[in-house]
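To start, the structure under review is shown below, and the notes come after it.
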Amino acid sequence: MYGYPCEFCEGTVQARTVKREAFKHRDGFVILEDVTIGVCDNCGHRYYSANILHAVHAVAFDQRIVTPTHCLTAKAIRSNLKPSFA
């Protein structure tokens with residue numbers, strides 16, 4: 001599935017298993033753990049298979065049951081951030 005040329009540089013897209021990969025959607029984020037994605041060995045651009053993107057969509061729109069370890073919306077995170085000045 002991987003091993004094709006990167007569309008942004010002269011590198012080659014290689015399979016890499018990452019511990020966590022975050023995807024933004026309109027209501028927050030979906031974080032997948034221990035997922036294999038494509039990463040360019042030169043510029044680092046990330047590529048996602050259709051299966052990964054379908055899984056993100058299913059989780060984001062409650063079509064797939066998951067067990068979240070932590071569930072925070074972007075709004076909740078922003079409201080709890082307080083600027084610190086040194």
Response to the item:
Within the stretch 26-45, the count of residues that are part of a strand (DSSP E or B), surrounded by 13 or more Cβ atoms within 10 Å (Cβ to Cβ) and not small (G, A, S) comes to 9
Worksheet item: In the stretch 11-25, which residue that is under 17 Å from C43 (Cβ atoms) and part of a strand (DSSP E or B) is farthest from the chain's Cα centre (by Cα)?
Response: T12
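Each value in this text was obtained by applying a stated rule to the coordinates, not by laboratory testing. Since this is a predicted model, take the numbers as computed values, not measurements. As a convention, Cβ positions derive from the backbone with ideal geometry for all residues, glycine included, and neighbour counts pool all protein chains shown.
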